[in-house]
Amino acid sequence: MGHTVSKNYFYNLIYQVVSILVQVITLPYLTRMIGEDGIGIQSYTNSVVSLLMVFAVLGIDWYGQREIAKEKDRKKRCSEIFWELCILKFFSFLILSPGFLILVFADKKYAVYYLALLILYIGTMLDISWFYKGMEDFIRVSLRNCFVKIAGIILIFLFVKEKEDILKYIVILSCSTFFANLTMWVGVGKMLTKVSYRDLRIRRHIKYVVQYFIPTLASSVYLLLDKAMIGVITKNEYQNGFYEQAVQVINMMKTVVLSYNMIMISRMTVLYQSNRSSQIRKALDKSCSFISFVSWPMCFGLLSVAKEFVHVYYNTMIMDVVNILYIFSPVILFVGISNMLESHLITPLNMRRKGNIAVVVGAVSNFIMNIILIPYFHAAGAAMASVLAELIIMIIYIVYSNTYFAFKNILINSYKKCTASVSMFFLLRILTKNTRSDILSLVIKIGLGVVVYVLILYILRDDLVLDAIKYSKKWQKKESKHQGRKRREIGD
């Protein structure tokens with residue numbers, strides 16, 4: 001990875017880690033304070049509003065990041081794209097804003113919660129993080145979001161004290177997003193130049209924004225509609241509550257993978273623009289190796305520690321959550337590979353038609369399987385449908401990307417990580433067979449799993465581990481020379 005990529009990944013990872021820590025700290029607290037029913041209400045209403053926002057955002061976030069990355073060295077052109085997309089987004093949100101009135105009047109049971117989520121709706125309209133990502137400036141996005149996340153957790157502990165505080169919880173979440181996105185506008189003017197309104201050509205973006213909107217909408221079918229369908233079909237807020245708890249755990253694990261892929265969209269776009277084929281190939285191999293290195297042990301590690309994690313995390317043994325985590329475990333790998341191909345090939349090369357087919361097929365499959373499986377298996381059925389949908393999308397992406405990055409390359413970069421992960425899983429089962437489900441057991445299992453996994457990869461002579469060891473020795477040697485030079489200077 002180049003210096004810019006490494007730095008961006010570091011800052012983006014900091015934000016993702018903070019987000020994970022916020023969830024780790026708040027979710028058990030919220031489970032005790034507002035209960036599974038309260039979490040279910042928040043999950044259901046947020047998923048409905050998020051579906052509305054998907055239509056309002058169109059595909060501006062992904063498309064905007066790509067277009068800014070292409071033109072980031074041309075300030076005037078970059079400024080025109082920024083304002084054209086901001087105006088387009090504003091009118092899109094304005095046109096769809098009556099949808100909130102429909103929600104309020106159509107679902108009186110949750111009307112007050114939808115009104116609170118209006119703050120989230122406006123905050124999403126203000127989101128210009130796509131501009132900073134296109135400029136490969138993840139520092140501002142990450143640090144500002146970290147500050148808002150920390151402020152949000154403080155407010156939750158101060159004001160959410162009982163089951164009746166669900167509304168306060170939703171307001172805090174909505175305001176956090178609103179202020180995080182509002183602060184993005186501070187200083188953005190220094191990165192832009194003045195442009196005339198007459199020079200703006202908004203209509204030329206509509207075709208491409210719609211192309212990027214299709215996969216966003218399709219993805220939302222199984223990312224957001226799952227929760228809505230559980231609520232509608234089961235009429236059981238408890239089912240939605242523990243499904244949301246399992247999904248949050250999976251999302252926490254996916255962030256390590258997705259945060260890396262996110263920063264690579266801009267970098268790969270620049271490489272393709274300048275036709276640097278050798279660097280493109282090198283980046284694809286390194287990224288695939290890294291995604292495999294992270295994804296495989298997460299899948300099998302989750303199977304090993306799910307019971308202990310749920311017991312420690314929620315201070316109880318909710319087997320419904322444990323079982324859903326077991327079902328969801330392969331998703332980390334499926335999403336990692338498909339998202340890598342999306343961010344490294346499909347989006348930078350503007351292969352939207354093919355990408356749209358993959359995601360639409362997956363979304364339709366998920367919707368159909370939800371209808372079939374949720375009535376029989378409830379929340380577990382929704383989890384099964386999501387896993388199958390992600391598998392379908394991954395397979396289609398692999399087929400479409402085979403010309404640029406052959407499937408054998410994925411296998412070459414994965415088989416040692418897969419072998420090490422499976423070995424780690426069985427060794428953990430044997431070594432920790434009779435341990436209790438407590439925090440000490442959880443820490444021991446995770447620590448032992450990491451050591452076993454890395455050790456097996458070293459024995460297998462995995463390139464990523466060997467390169468990391470070489471880099472570490474090189475850095476230590478350099479640091480040793482630096483310290484020696486300082487001591488000599490002090491002696492003189």
Open item on the list: Out of ARG66, ARG77, I need the residue that is among the charged types (D, E, K, R), under 27 Å from HIS344 (Cβ atoms) and within 26 Å of the chain's Cα centre (by Cα). Which one?
Closed with: ARG66
Open item on the list: Among the residues in segment 91-101, are any under 24 Å from the mean Cα position of the chain (by Cα) and buried (at least 23 other Cβ atoms within 10 Å of the Cβ)?
Closed with: no
Task: Any hit, segment 293-303, residues being closer than 18 Å to ILE395 by Cα, assigned to a helix (DSSP H, G or I) and hydroxyl-bearing (Ser, Thr, Tyr) - done: yes
Task: Pair list, Cβ < 7 Å and 6+ apart or interchain, from segment 63-87 residues that are at positive phi and aromatic (Phe, Trp, Tyr) to residues that are buried (at least 23 other Cβ atoms within 10 Å of the Cβ) and part of a helix (DSSP H, G or I) - done: none
- [ ] Identify all residues within segment 10-33 that are buried (at least 17 other Cβ atoms within 10 Å of the Cβ) and among the aromatic types (Phe, Trp, Tyr); write none if there are none.
- [x] TYR11, TYR15
Open item on the list: Considering only residues that are β-branched (Val, Ile, Thr), part of a helix (DSSP H, G or I) and out of contact with any Leu (no Cβ under 8 Å at 6 or more places or on another chain), which ones fall in segment 103-139?
Closed with: ILE119, ILE122, THR124, ILE139
- [ ] Select from segment 118-136 the residues that are charged (D, E, K, R) and more than 17 Å from the chain's Cα centre (by Cα) and list them in ascending order.
- [x] GLU136
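Matching residues to (1) under 20 Å from LEU217 (Cβ atoms); (2) in contact (Cβ under 8 Å) with a residue 24 or more places away in the chain; (3) buried (at least 21 other Cβ atoms within 10 Å of the Cβ):
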residue	(1), (2), (3)
ILE291	no, yes, yes
PRO330	no, yes, no
SER343	yes, yes, yes
LEU349	no, yes, no
Task: Qualifying residues in segment 306-328 (those that are of a type in the set (Val, Ile, Thr) and closer than 21 Å to ALA379 by Cβ) - the one surrounded by the fewest Cβ atoms within 10 Å (Cβ to Cβ) - done: THR316
TODO: Name every residue in segment 370-406 that is within 18 Å of SER295 (Cβ to Cβ), of a type outside the set (Gly, Ala, Ser) and touching a Phe, Trp or Tyr at 6+ places or on another chain (Cβ under 8 Å), in order of residue number.
DONE: VAL387, GLU390, LEU391, ILE393, MET394, ILE398
Open item on the list: Anything in segment 230-255 that is under 19 Å from MET298 (Cα atoms) and of a type outside the set (A, V, I, L, M)? List them, or say none.
Closed with: GLN245, GLN248, ASN251, LYS254, THR255
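Residue by residue, here is whether (1) modelled with pLDDT of 80 or more; (2) assigned to a loop (DSSP other than H, G, I, E, B); (3) over 22 Å from GLN65 (Cα atoms); (4) in contact with a strand residue (DSSP E or B) (Cβ under 8 Å, 6 or more places away or on another chain) holds:
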{"residue": "VAL209", "(1), (2), (3), (4)": "yes, no, no, no"}
{"residue": "ALA228", "(1), (2), (3), (4)": "no, no, yes, no"}
{"residue": "ASN240", "(1), (2), (3), (4)": "no, no, yes, no"}
{"residue": "VAL249", "(1), (2), (3), (4)": "yes, no, yes, no"}
{"residue": "THR255", "(1), (2), (3), (4)": "no, no, no, no"}
{"residue": "MET262", "(1), (2), (3), (4)": "no, no, no, no"}
{"residue": "VAL270", "(1), (2), (3), (4)": "no, no, no, no"}
TODO: Working only within segment 1-35, note down all residues that are touching a Lys or Arg at 6+ places or on another chain (Cβ under 7 Å), on the phi < 0 side of the Ramachandran plot, modelled with pLDDT of 75 or more and not β-branched (Val, Ile, Thr).
DONE: MET33
Task: Hits in segment 124-174 - residues which are among the small types (Gly, Ala, Ser) and touching a residue at least 40 places away in the same chain (Cβ under 8 Å) - done: SER129, GLY134, SER142, GLY152, SER174
Task: Index of the failed condition, ARG144 passing every other in (1) at pLDDT 85 or above; (2) under 24 Å from VAL22 (Cα atoms) - done: (1)
Task: Residue tally, condition more than 25 Å from ASP285 (Cα to Cα) and of a type in the set (Lys, Arg), over segment 414-464 - done: 4
Open item on the list: Looking for something among the acidic types (Asp, Glu) and touching a Phe, Trp or Tyr at 6+ places or on another chain (Cβ under 7 Å) - is there at least one such residue anywhere in segment 300-320?
Closed with: yes
Task: Some residue of segment 178-188 being outside any helix (DSSP H, G or I), crowded, with 18+ Cβ neighbours inside 10 Å and modelled with pLDDT under 90 - done: yes
Open item on the list: Every residue in segment 156-197 that is within 21 Å of the chain's Cα centre (by Cα) and small (Gly, Ala, Ser), please.
Closed with: SER174, SER176, ALA180
Open item on the list: Checking ARG461 against (1) over 30 Å from VAL361 (Cα atoms); (2) modelled with pLDDT of 85 or more; (3) touching a helix residue (DSSP H, G or I) at 6+ places or on another chain (Cβ under 9 Å); (4) assigned to a helix (DSSP H, G or I), only one condition comes out false. Which one?
Closed with: (4)
Open item on the list: As an exercise: evaluate ASP285 against (1) crowded, with 23+ Cβ neighbours inside 10 Å; (2) among the charged types (D, E, K, R); (3) closer than 29 Å to GLN211 by Cβ and give the number of the one condition it does not meet.
Closed with: (1)
Task: Per-region count, segment 441-456, residues in contact (Cβ under 8 Å) with a residue 60 or more places away in the chain and over 26 Å from the mean Cα position of the chain (by Cα) - done: 1
Task: Residue match in segment 147-169 (condition: outside any helix (DSSP H, G or I) and either small (Gly, Ala, Ser) or surrounded by fewer than 19 Cβ atoms within 10 Å (Cβ to Cβ) (or both)) - done: yes
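The values are calculated or read from the model by the stated rules, or taken from the named source; none is laboratory data. Remember, predicted model here, so these are calculated numbers, not experimental data. Neighbour counts run over all protein chains shown; Cβ positions are idealised from the backbone, glycine included.
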